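Structure, as C-alpha cells:
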Amino acid sequence: MSKRDYYEVLGVSKGAEEREIKKAYKRMAMKYHPDRNKTDADAGDKFKEATEAYEILTDPQKRAAYDQFGHEGVNGQQGGHGFGGGDFGDIFGDVFGDIFGGGQRRQQRAARGSDLRYNMELTLEEAVRGVTKEIKVPTLVGCEPCDGSGAKKGSKAETCSTCHGQGQVQMRQGFFAVQQPCPQCRGKGKIITDPCNKCHGDGRYQKTKTLSVKIPAGVDTGDRIRLSGEGEAGESGAPAGDLYVQMHVRDHEIFMRDGSNLYCEVPIGFTAAALGGEVEVPTLDGRVKLKIPAETQTGRNFRLKGKGVRSARNGQMGDLVCKAYIETPVNLTDEQKSLLRQLEDSCGGVDADKHQPKTEGFLKGVKRFFDDLTR
Ligand SMILES: [Zn+2]
Ligand SMILES: [Zn+2]
C-alpha cells in the first residue's frame, strides 16, 4: 500500500507551523485513539498513520528530508515506534499532558532519562557539504551487570511493602486524602536490598559515550538534530532520553552566509575595473572566472547562480554574490606616479567630473544642498 502524504494525513498545509501540526494531530488522536475506538478496526491504523506523520513533521531534520525526498527521505528512520514504545509515551506527554491520565501513569513509572544537548561547532564547508563527526558525550548509561535493574546479579528488587509497588501512598489530612510519593521507596515502587556494585542501585552510571553523528548537508546555525534514545539512560531500566545536537557554524574567512546564499567581497584592480577584465573568485567548489565589465564601481554585485549553499529545507541551491571592491594602487614608483599624473591631466579640465560618476552626482547634490540653504 502506498503511503499517503503526511500533510494530507494531518490535513495541514505544507507551510504549517509546528503548533498547527500539534493541534491537528491532537484532533486526530482524540478521534482515533484505540482506547476510544475498541470496535472500529480502522481507527488503530488511522491513529498510527497520524502519529507517524506527526513524528516526521515535528522533527525539523526529518521534515526537511521528507519535503525534499518524500517518503523515501525518511524511510528507515521510523523503525521501532509501535504502540507503547518509549518514544510513543513521550509524544503523548508532549501533546496531551494528562488528558489520557498520563500524569498518573507517569509517576508510577520509573523516570525516563533526561534529554541532553550537545553544541557542535562546524566550519562553513562542513555545514555546506555535510560531515560525519565523532562526539564525546558525558552521560548516564544503562548498567550492564544488572541490566539496569539496580539489583545485584542473582538478586531481585522487591516490591515495596509500604505502597505495594504503587510508588504512591495516601495521606490523610483532615477530610482530604492526598496522594504522595511513597517515602519508603521514594516513589519507585520497588526496594533494592542487594544493590549492584557498579551502579549502586541506580541502574545506570556515569560514562563518556563516543557517538558518530551524521550531519546532513546544508545545516545552519540554530538547526538541531535529534538522536533518539541517545540521551541519559532512564532510572531502573526506563527509556533513555534523547540527545539534541545543536549546530553552530563558525564565521568564514571569505564567505558570509545568509540562508542558502553566500556573500563575498572581491578586490578588483582599478585598471580592470575601468577597462573591463576578468578576475578569479573563490567558490566552495574552487575558483571560477568572473567577467568584469568596463566602468565597474565599488559596491557593484555580481551574482553567480547556483554557487551558494543547497538548502537543507527545500533542496534549492543558493547563489554566490560577489561585491566589487575597487583597489587604490599602493607602493607606486616615481615612474608609475608620473604615469598616473599624466592620466589625471588627460582626464582633467572642465569635463573632469564626467570621468567620475560618483563625484558628478555628489557635486550636484552638494550644489542643491547649498542652493536650498541660501534660498
Ligand atoms: Zn513504596
Ligand atoms: Zn548495576
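Values quoted throughout were computed directly from the atomic coordinates according to the rules given, and no laboratory measurement underlies them. Because the structure is predicted, anything quoted here is derived from the model rather than measured. FYI the Cβ positions are ideal-geometry reconstructions off the backbone, even for glycines, and counts take in every protein chain you see.
Quick notes on this structure:
- Residue-wise HN-Hα coupling along the stretch 165-179, computed from phi with Karplus coefficients 6.51, -1.76, 1.60 (Hz; x: Gly, Pro): x, 6, x, 10, 10, 9, 10, 8, 10, x, 7, 9, 9, 10, 7
- Taking the longest Cα principal axis of the chain as reference, the axis of helix 357-374 is set at about 90 degrees.
- Crossing angle, helix 41-57 versus the chain [Cα axis fit, 0-90 degrees, rounded to tens]: 40
- Efficiency of FRET from Cβ geometry, Met256 and Glu278, R₀ 22 Å, rounded to 0.05: 0.40
- Sum of -39500 (n - 2.57) over DSSP H runs of 4+, divided by residues of the chain (222 nm, nearest 500): -9000 deg cm²/dmol
- Nearest-0.05 FRET efficiency for Asp334 and Val366, computed from C-beta distance (R0 35 Å): 0.55
- Using a 4.7 Å Cβ-Cβ cutoff, the cysteines of the chain lacking any partner cysteine are Cys264, Cys322, Cys347.
- Using a Förster distance of 56 Å, the FRET efficiency for Met171-Glu52 (Cβ separation, nearest 0.05): 0.85
- Neighbours of Ile215 by Cβ distance under 10 Å: Lys/Arg scored +1, Asp/Glu scored -1, total +1.
- Selection of GluC sites (Glu not before Pro), the stretch 207-312, meeting DSSP coil and at most 15 other Cβ within 10 Å: Glu253, Glu295
- Here's how it looks for Ile268: its modeled amide H is under 5 Å from those of Tyr325, Ile326, Glu327, which are all 5 or more places away or on a different chain.
- Diffusion constant of the stretch 224-267 at 37 °C, which comes from Stokes-Einstein with the Kirkwood Cα-pair radius and 0.692 mPa s, µm²/s: 241
- In degrees, nearest ten, helix 334-347 long axis to first principal axis of the chain (Cα): 80
- Over 27 Å between alpha carbons, listed pairs Lys23/Lys136; Lys188/Lys214; Lys23/Lys48; Lys23/Lys190; Lys3/Lys23: Lys23/Lys136; Lys188/Lys214; Lys23/Lys190
- Sequence-ordered 3J(HN,Hα) estimates for the stretch 289-300 from the Karplus curve with 6.51, -1.76 and 1.60 and θ = phi - 60° stand at 8, 10, 7, 9, x, 4, 6, 6, 9, 4, x, 5 Hz, glycine and proline given as x.
- Given the chain, longest segment not containing exposed loop chymotrypsin sites (Phe, Trp or Tyr not before Pro) (DSSP; at most 12 other Cβ within 10 Å): 176-375
- Stretch gain in nm, segment Ser155-Phe69, where the contour uses 0.36 nm per residue and the Cα spacing is subtracted: 25.9 nm
- Debye intensity ratio in log₁₀ form over the Cα atoms of the stretch 256-327, taken at each q of 0.13 Å⁻¹: -0.38
- Estimated translational D of the chain in µm²/s (Stokes, Kirkwood radius over Cα pairs; 4 °C; 1.567 mPa s): 48
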